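Structure, as structure tokens:
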Amino acid sequence: MDFKDYYAVLGVSESASAEDIKKAYRKLARKYHPDVSKEEDADTKFKDLGEAYEVLKDPEKRSEYDQLRKYGAKADGSFEPPPGWQSASGFGGGGYTDADARQFSDFFEEIFGGGRRGGSAGGFGGGGFRQNMRMRGEDVHARIALFLEEAFHGCDKQVSFTVHEADQNGRVVPRQKTLKVKIPAGMREGQHIRLKGQGAPGVGGGEPGDLFIEVEFAPHPHFTVEGRDVVVTVPVAPWEAALGATVTVPTVGSKVKVKVPKGATSGRKLRLKGKGFPGKHPGDEIVVLQVTMPEKHSPEAEKLYEQLAEAEKNFNPRSKLHV
């Protein structure tokens, strides 16, 4: 009897985790499912995958199988159970694959038994492996670009994405889908919207996967976003910074009056509470002041600067540089 390398069948290493084994099985089972695959040996590969997964997903069976790999497999690829071998786990419920053990190989029968002796095992009827196999459809991921105002206030948007499904001839083909999606107010970049059942269709009557939409922002000419806070740079004139002033500042969708403190310098930050992204704990708007000079001065202004320079001649703006 030939030894069956279940790890090789699933394409995983001997040290693979239970999650890695499950992922490998689901990926390959979807590929070789007889309802969608057109490969000549799809049915055989599909049954081999089910048999391999039925063993490796169960810690007890996997432990026994690992022992047999070490002591029962021969160098020429043949297999002979150790003297007096008897499985302690046996073949119980099929679990994830919902499999019929009677369709498994002689190798499986030799190790675990119970598959073909006296009818069904572990409560499995005669439905067969192929007919009873159900697999959930794949989740689909898409992105949607929003203007800052759309994410801030909420909106309705259309998103297009591709799913893979079997056509009437059983071939797996891509299909474009378009859905109208409601974007709730306060969505931030990187957050996801989950639409249950809008992913790829299931196999063998399995439930469909979900659609996950990731939000990203289009660049804004004035605002940037830091978490739930909105940041805007606001230019102020030298005299507004020196003497203090009340200036108009934009917020997302509106504008407010803000008091610039006397003696403000470039880089000074003013915080507007609650003017950031909405939510249970709304963000703030951060106003960054930027002292801006006129591109050209009038003769009168130049004279005033000369007077200012004389009045403030003891001020050295580069004193911290020790120059």
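The values are calculated or read from the model by the stated rules, or taken from the named source; none is laboratory data. Please read these numbers as outputs of a predicted model, since none were measured by experiment. Reconstructed Cβ throughout: ideal geometry from the backbone, glycine too, with neighbour counts over all protein chains shown. Ligands, DNA and RNA are stripped out before the accessible areas are found, and what is left, the full protein with its side chains, is counted by its heavy atoms. Shrake-Rupley method; radii C 1.70, N 1.55, O 1.52, S 1.80 Å.
Could you tell me the center-to-center distance, by alpha carbons, between the range 230-257 and the range 179-216 in angstrom?
40
Going down the list K157/K280; K4/K47; K23/K57; K47/K196, which pairs span over 20 Å between their C-alpha atoms?
Details: K157/K280 24 Å; K4/K47 13 Å; K23/K57 11 Å; K47/K196 30 Å.
Pairs exceeding the cut-off: K157/K280; K47/K196.
Cα gyration tensor of the range 207-249, axes a ≥ b ≥ c as square roots of the eigenvalues: rounded (a/c below 1.5), prolate (a/b > b/c) or oblate? Could you put the intermediate results ahead of the total?
Numbers: a/c = 6.49, a/b = 4.58, b/c = 1.42.
Judged from the Cα gyration tensor, the range 207-249 comes out prolate (a/c at least 1.5, a/b above b/c).
Each residue of the range 145-151 in turn: what ³J(HN,Hα) in whole Hz from Karplus with 6.51, -1.76, 1.60 and θ = phi - 60°, glycine and Pro shown as x?
8, 10, 5, 4, 5, 5, 5
For the range 169-246, what is the accessible area per residue in Å², given a 1.4 Å probe and the full set of protein chains?
55
Quick one: how many Å² of L321 are accessible to a 1.4 Å probe, rounded to 10?
L321 has an accessible surface of roughly 120 Å² with all protein chains in place.
How would you classify the range 13-63 from its alpha-carbon gyration tensor, with a ≥ b ≥ c the square roots of the eigenvalues: rounded for a/c under 1.5, else prolate if a/b is greater than b/c, otherwise oblate?
It is prolate, given that a/c is not under 1.5 and a/b is the larger ratio.
Return the percentage of antiparallel bridges among DSSP beta bridges fully within the range 208-323, rounded to the nearest 5 %.
Taking every DSSP beta bridge with both residues in the range 208-323, the antiparallel ones total about 70 percent.
Rolling a 1.4 angstrom probe over the protein chains, ignoring ligands and nucleic acids, what is the accessible area of R228 in square angstrom, nearest 10?
60
Less than 26 Å apart at the alpha-carbon level, and either on another chain or at least 8 residues along: which lysines does that give for K262?
Straight-line reach from K262, under 26 Å: K273, K275, K296, K303, K313, K320.
Pick out, in residue order, every one of the GluC sites (Glu not before Pro) in the range 250-316 that is DSSP loop and has at most 15 other C-beta atoms within 10 Å; say none if there are none.
Listed in order of number, the matching sites are E295, E312.
Under a 1.4 angstrom probe, counting protein chains only, how are Y32, Y25, Y305 ranked by accessible area, largest first? Provide the component values of the computation, followed by the final result.
Numbers: Y32 30, Y25 0, Y305 75 Å².
So the residues, ranked largest to smallest area, are Y305, Y32, Y25.
Between rounded, prolate and oblate, where does the range 210-323 land on the alpha carbon gyration tensor, with a ≥ b ≥ c its root eigenvalues, rounded for a/c under 1.5, else prolate if a/b exceeds b/c?
prolate
For H141, H192, give me the order by solvent-accessible area with a 1.4 Å probe, most accessible first, ignoring ligands, DNA and RNA. Walk me through the numbers on the way to the answer.
Working: H141 135, H192 105 Å².
Result, largest first: H141, H192.
Treating only the Cα positions of the range 218-272 as identical point scatterers, give the base-10 log of I(q)/I(0) from the Debye formula at each q in 0.18, 0.20, 0.22 Å⁻¹.
With one equal scatterer per Cα and no solvent, log10 I(q)/I(0) is -0.64, -0.77, -0.90.
Need one value: the accessible area of K257 in square angstrom, 1.4 angstrom probe, rounded to the nearest 10.
Approximately 150 Å² for this residue.
For T162 and E39, FRET efficiency with R0 = 25 Å and r from the beta-carbon atoms, rounded to 0.05? Walk me through the intermediate numbers first.
On the way: r = 23 Å, r/R0 = 0.91.
E(calc), rounded to 0.05, equals 0.65.
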